[in-house]
1. Compute the separation of the alpha-carbon centres of segment 577-641 and segment 337-360 and state it in Å as a whole number.
2. Taking θ = phi - 60°, what integer Hz values does the Karplus form 6.51 cos²θ - 1.76 cosθ + 1.60 yield along segment 122-131, in sequence order, with x for Gly and Pro?
3. Quick one: Karplus J couplings for segment 619-629, per residue in order, coefficients 6.51, -1.76, 1.60, θ = phi - 60°, nearest Hz, x for Gly and Pro?
4. Relative to a virtual label point 7 Å from the Cα of residue 277 in the Cα→beta-carbon direction, which members of segment 234-271 show backbone nitrogen distances below 16 Å?
5. Please give the length that would be gained between residue 179 and residue 36 if that part of the chain were fully extended, namely 0.36 nm times their separation in residues minus their C-alpha to C-alpha distance (nm, one decimal).
6. Give the shape of the chain as rounded, prolate or oblate, defined through the alpha-carbon gyration tensor: a ≥ b ≥ c are the square roots of its eigenvalues, a/c under 1.5 means rounded, and otherwise the shape is prolate if a/b is larger than b/c and oblate if not.
7. Charges at C-beta only: +1 for Lys and Arg, -1 for Asp and Glu. How large is the resulting dipole of the chain about its Cα centre, in Debye rounded to 20?
8. Rounded to two decimals, what is the ratio between the C-alpha radius of gyration of segment 307-453 and 2.2 N^0.38 Å?
Amino acid sequence: RSIDRVKRSGASPGSVIPLLKQPSGLSREAVRAADYMQNTLSLLRGALEKRQKRSINATGPKNPRWGSSNIPFLRWLPAEYEDDLTSPKGWTSDLRVNYHLLPLVREVSNRILATTNEDVESDPLYSHLVTIFGQWTDHDLTLTPNSPSIVSFNNNINCETSCARTEPCFPIEIPSNDERFQEDPKECLPFSRSAPACGSGNTGHIFGASTLRHQMNTLTSFIDAGQVYGSDEAKAQRLRDLSTEEGLMKVNPEFDDNGRALLPFTGSNASICNTRARITKDPNARELDCFLAGDVRSNENIGLASLHTLMVREHNRLARALANLNPNWDGNRLYQEARKIMGGYMQVITYRDYLRHILGPEVMSKQLSTYPGYDENVDPSIANVFATAAYRFAHLMVQPFMFRLDENYENHADYPSELLHRTMFTPWRIAFEGGLDPILRGLVGRPAKLNTQDHMLTEELRNRLFKFSVDLAMDLGSLNMQRGRDHGLPGYNKWRGFCGLSQPQNLEELATVLNNTDLAEKLMDLYGTPDNIDIWLGGVAEPFVAGGRVGPLFACMISTQFKRIRQGDRFWWENDGVFTGAQRRSLRDASLARIICDNTGITEVPDQPFQYRPRGSGYSQCKDLPAFDLKPWAENCELVF
């Protein structure tokens with residue numbers, strides 16, 4: 001039914017957004033079981049007067065499931081639900097939290113986040129690639145599935161069309177004074193709750209392991225290029241080109257980019273990517289299916305789709321080069337070795353190049369300096385607060401445009417820069433409008449948006465999200481805050497305490513933390529107490545740490561998570577026995593600039609693609625950049641451990 005809905009033109013957000021997060025394969029089995037379990041328990045709780053006690057927790061001696069796909073997110077702090085079990089805070093609108101009513105998330109968005117496209121300030125230091133690479137890494141680490149159910153469990157209410165709050169529907173109420181909806185009044189934006197995870201929790205009751213609601217991560221928690229290869233075997237096999245023994249990934253058989261590969265299509269014929277006629281206003285425009293990649297969100301914008309395409313090209317380039325080095329290797333060996341190198345690439349580039357721009361030198365030095373070695377006692381699983389709040393910081397770094405530049409890094413005459421909402425779910429822009437090169441130049445050759453306390457979230461994300469794929473465009477800020485409440489995340493001050501930071505109790509103390517009295521007054525007027533501030537909003541409102549692009553709270557959470565990911569990964573590229581010493585030396589010199597050069601028609605790139613600078617100093621000709629050295633992967637090479 002979900003797929004049939006989006007085959008209609010003008011599908012609603014209640015159809016499209018849940019379909020994007022519809023679990024499949026093993027994830028779907030796990031999610032459906034959890035859904036049934038959670039709602040069975042809800043019915044039983046209403047009927048049972050007494051609960052027997054037993055523990056059903058069991059952990060293997062070496063924790064083999066830590067960091068694997070389809071397990072619950074970690075809780076760094078206990079969940080806080082309205083009923084202490086499963087209902088989100090704000091489910092009952094007139095119920096006070098810490099003696100204050102919670103504000104509507106859309107009201108908070110309107111009063112705190114609103115930023116016109118004209119008011120955007122550009123980042124003086126970092127390129128727009130920083131923003132899209134943040135999305136890229138997130139899609140390697142976290143995907144929270146929605147409930148597979150599209151109507152409520154108890155009364156068959158349709159979450160797409162109703163504003164009733166009934167599981168799994170948790171609609172976002174629209175304030176009566178909302179300027180966007182004055183001419184076309186709406187009561188709510190549709191929102192479906194994340195699916196509950198089965199078998200999680202630590203209470204001791206008979207249903208204790210599932211009584212307290214947790215959410216599930218359908219991806220592995222490791223930086224392993226899962227967004228290229230998928231996080232389960234069935235998806236990985238579907239993405240491979242098994243017609244040859246070359247170890248290649250599938251590419252598009254119908255379209256290419258000046259002779260270079262494009263991603264294959266999904267073959268689903270869902271209308272979510274059939275946006276061309278609506279955007280171009282040409283009823284005869286040829287529509288294209290969505291691109292198929294290791295992560296289902298690859299079509300969300302053309303910048304992200306370009307990174308997906310770039311990395312599939314690099315896998316295939318590596319596989320072919322390895323075949324030349326080792327003619328006796330079969331297709332599976334070539335595929336696995338190229339995939340292993342790609343995982344190493346992502347780890348090196350993320351930790352060496354990317355994170356320091358987000359966290360700043362002091363936090364990097366304290367938390368993520370020298371690799372300490374693998375520790376089997378460190379759980380690398382993703383924390384709920386990281387996935388649901390902290391790592392959504394980059395939403396405030398998104399420019400209102402997706403830039404497209406020519407060979408001189410000037411605005412492209414044939415394929416001009418487009419407003420962001422006009423590049424969402426538009427694979428046809430890549431196939432028909434100049435391919436990857438203009439888009440990648442736009443990512444490395446234009447600055448990111450600067451998150452300032454006066455201008456947080458652009459209208460492209462706040463009022464036009466998925467505009468051409470749905471009937472009612474969504475608000476990303478409201479979605480983030482509603483999701484935090486859905487997941488039972490504690491409020492701002494609890495997390496400040498978790499990180500060893502001060503916990504402001506009044507206007508004066510909050511103004512000191514934020515270094516902004518006006519913003520503190522607005523937040524106090526909305527929430528009544530700093531304790532109630534939604535964690536995502538509180539985190540993105542803080543002033544940056546020195547040299548970084550997040551405040552102290554999110555710097556703490558992000559660095560803690562990435563420290564755990566690295567230390568708890570026994571296949572980390574620096575861990576003994578994963579790569580040889582010579583291979584590690586090659587990986588240490590891996591370069592995102594070189595990957596761009598090797599897989600596009602771009603001939604000149606910034607040496608440091610995450611750092612923004614106008615064309616000139618700091619740019620190099622591709623021919624002058626050292627190539628990635630694959631010689632250590634030759635079987636006749638002397639192996640140095």
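1. 12
2. 8, 6, x, 10, 10, 7, 5, 4, 4, 5
3. 9, 10, 6, 4, 5, 9, 8, x, 6, 5, 8
4. 269-271
5. 47.5 nm
6. Rounded is the answer for the chain, as its axis ratio a/c remains below 1.5.
7. For this selection, approximately 1480 debye.
8. Computed over Cα atoms of segment 307-453, the ratio equals 1.33.
A short reminder: the numbers here are calculations on the coordinates, not readings from a lab. What you see is a predicted model, and the numbers here were worked out from it, not measured in a lab. We place every Cβ from the backbone using ideal geometry, glycine too, and count neighbours over all the protein chains shown.
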